[in-house]
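Novice: Have a look at this one.
The values are calculated or read from the model by the stated rules, or taken from the named source; none is laboratory data. Keep in mind it's a predicted model, so treat the numbers as computed, not measured. Every residue, glycine among them, receives a Cβ derived from its backbone with ideal geometry; neighbour counts consider all protein chains shown. For the accessible areas, the whole protein counts, side chains as well, though only heavy atoms, and no ligand, DNA or RNA atoms are used. Shrake-Rupley method; radii C 1.70, N 1.55, O 1.52, S 1.80 Å.
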2 protein chains.
Amino acid sequence: MVRRLESRSPLAEGEREALLGLQQSIRKVAAGAHLVRDGEPPEQCALLLSGFAYRYKITGDGARQIVSLHIAGEFVDLQNSFLSISDHSVQTLTAAEVAFVPLQAIRDITFAYPAIARAMWIDTLVDASIFREWVVNVGRRDSRARVAHILCEFSLRLEEGGLAREHRYELPMTQEQLADAVGLTSVHVNRVLRQLGEEGLISRDRRSITIQDWQRLRDAGDFNERYLHHDGEAIVRS
Amino acid sequence: MVRRLESRSPLAEGEREALLGLQQSIRKVAAGAHLVRDGEPPEQCALLLSGFAYRYKITGDGARQIVSLHIAGEFVDLQNSFLSISDHSVQTLTAAEVAFVPLQAIRDITFAYPAIARAMWIDTLVDASIFREWVVNVGRRDSRARVAHILCEFSLRLEEGGLAREHRYELPMTQEQLADAVGLTSVHVNRVLRQLGEEGLISRDRRSITIQDWQRLRDAGDFNERYLHHDGEAIVRS
DNA sequence: CGATCCTTTGATATGTTTCAAGCTTAGTGG
DNA sequence: CCACTAAGCTTGAAACATATCAAAGGATCG
């Protein structure tokens, strides 16, 4: 599990063992549970073993902006691991299994094993790349493109994680949550989804999404997967 | 110079020397020069010694979104340092002095000195925190709040860098660039700036900004500096 | 001092939100 | 297992914020 994530960057030998030996407690948490709370000092670093979670911030007038979505196999919390106060919250979207590792253990292991530090660092750099793309999505694309873009992103990430096949996947988000991820209203997201359906780009059944025409959805969403840095090629070797 | 940046996290002894000994070439570059180009493999890591730069992406229909602004003393390029293809471009805003360090040297030094790796990692985590805040800014705040927010952010960051005093600073951006940073039109940014002026929150003279009423601008921009992680307290010690 | 880039302003167009209501689905307790 | 309830989805009509278009006025730099 842990290793799967680290496969982005060159794995070492003894380091895997160190990773596997990390002190951890595995817990099942309910949907809607908070893994990180804005304003509190992080104490644990959560790794999602199953389920979904999202990262969000609340504005002064109560609006929510979701700034990222996380799927099984991802570290939810390296972003906070060296900052003493969280600047955002993380909440589960579904019931989930989570491995909690004490932050101190993360700090120790990264200090002792440069290759592990590097792998985790790279993981946070990829997160940052996705944040940048989301700034663009929300800042410069119209509603149709925003929704199409995020559907493309989820499709690729879920397939990479083995959670989708053939451009079909379960997306356990309400339309309101989707709206909060793309900076729109749930009402408008609903209209856009309908429109994408009518155009034959996607079809939906409850929370399940099927991308019927990948190429056209990709175009509609101005989607280029480079920012996901998925291909092993995208990562440095030395 | 280099050390100043590293002061976020615990400085070590021999490590400073290693940092200062980094192979580098210092060059003056003109305004508008590219330090990083989208789609190309990064080869150097640029540290801004003076001047300003911004990070941006272009959408399929040619719109630009600026995803971050960088000021003297900041690493422009750690974000790419372990990814083999850049997912965005970086361009100078003004004439600037830049120290270029070969990426390989960065990779080597971070492998050899865990404390340096950690300091740089933290630097990229703070960048990521700012990206998140920008997602919120552009996704969930109206035009007035967006502009007010970014003016607050610049004020604090410039003061932190010794480039502003008393809430007064030079902001070497055109209104079009500002617009591309907040996801609006330059026309609309102009109107908002005028309005903020009329309300007595700011005053402008050419490219110089004076925040006349910090508290009210802060409120208008829904600004909370926590995400900047400026206070040394915000960083981990062990 | 001429030319170009930037700023400013007005009028109109448009995309998205807001408000409101009806409908469907999933969950819960009797 | 059905009935009830709450949550989420869907749709329409009107309001509003921001974009677009257009043109004039300033500033800056050879």
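Novice: Give me the percent of Cα-Cα pairs in the protein assembly as shown that sit more than 37 Å apart, rounded to a whole number.
Specialist: Pairs farther apart than 37 Å: 24 percent.
Novice: Starting from the Cα of A:SER84, step 7 Å along the direction of its Cβ; do the same at B:LEU156; then give the gap between the two resulting points in nm.
Specialist: 1.6 nm
Novice: Note down the relative contact order for the range B:30-178 as a percent, whole number, built from C-alpha pairs under 8 angstrom at least six residues apart.
Specialist: 26 percent
Novice: Among B:ALA99, B:ALA128, B:ALA63, determine the one that fluctuates most according to a GNM of chain B built with springs between C-alpha atoms less than 10 Å apart.
Specialist: With Cα springs under 10 Å in chain B, the top fluctuation among B:ALA99, B:ALA128, B:ALA63 is at B:ALA63.
Novice: Can you pull the accessible area of B:GLU198 for me, 1.4 Å probe, Å² to the nearest 10?
Specialist: 130 Å²
Novice: What net charge is computed for the residues neighbouring B:GLY221, neighbours being all others with C-beta under 10 Å from the C-beta of B:GLY221, Lys and Arg scored +1, Asp and Glu -1?
Specialist: Its environment carries a net charge of +2.
Novice: In the range B:92-123, which residues have a backbone nitrogen under 18 Å from the label point lying 7 Å from B:ILE26's Cα in the Cα-to-Cβ direction?
Specialist: B:95-102, by backbone N distance to the label point.
Novice: Which residue fluctuates the most in chain B, going by a Gaussian network model with Cα springs under 10 Å, if the choices are B:ASP61, B:ASP77, B:ASP222?
Specialist: The residue with the greatest mean-square fluctuation here is B:ASP61.
Novice: Here's something else I'd like to know. Could you state the accessible area per residue of the protein assembly as shown in Å², with a 1.4 Å probe and every protein chain left in place?
Specialist: Per residue, the protein assembly as shown has 39 Å² of solvent-accessible surface.
Novice: Another question, then. Between A and B, buried accessible area summed over both sides at probe 1.4 Å, in Å² to the nearest 100?
Specialist: 5300 Å²
Novice: Something else about it: Summing -39500 (n - 2.57) over the DSSP H runs of n ≥ 4 in chain A and dividing by its residue number, what mean residue ellipticity at 222 nm do you reach, to the nearest 500 deg cm²/dmol?
Specialist: Rounded to the nearest 500, the figure is -12500 deg cm²/dmol.
Novice: Further question: What is the gain in length, in nm to one decimal, between B:LEU49 and B:LEU163 on full extension, counting 0.36 nm per residue of separation less the C-alpha to C-alpha distance?
Specialist: Working it through step by step, the gained length comes to 39.8 nm.
Novice: Here is a follow-up. First obtain the Kirkwood hydrodynamic radius of the range B:141-234 from its Cα pairs, then insert it into the Stokes-Einstein equation at 25 °C and 0.890 mPa s, and state the resulting D in µm² per second as a whole number.
Specialist: 184 µm²/s
Novice: Indicate the residues belonging to the range B:111-147 that lose 50 Å² or more of solvent-accessible heavy-atom surface (probe 1.4 Å) upon moving from the chain alone to the assembly of all protein chains, ignoring ligands and nucleic acids.
Specialist: B:PHE111, B:PRO114, B:ARG118, B:TRP121, B:LEU125, B:PHE131, B:ARG132, B:VAL135, B:VAL136, B:ARG140
Novice: Please report, as a whole percent, how much of the solvent-accessible surface of the protein assembly as shown comes from carbon and sulfur atoms (probe radius 1.4 Å).
Specialist: The computed percentage sits at 46.
Novice: Given the options B:ASP219, B:ASP205, B:ASP127, state which has the largest fluctuation in a GNM of chain B using a 10 Å cut-off (strictly under) for Cα springs.
Specialist: Greatest mean-square fluctuation among the candidates belongs to B:ASP205.
Novice: I've got another one for you. Can you pull a Stokes-Einstein diffusion coefficient for the range A:1-153 at 10 °C (1.306 mPa s), Rh from Kirkwood over Cα pairs, as a whole number of µm²/s?
Specialist: In µm²/s, the coefficient is 97.
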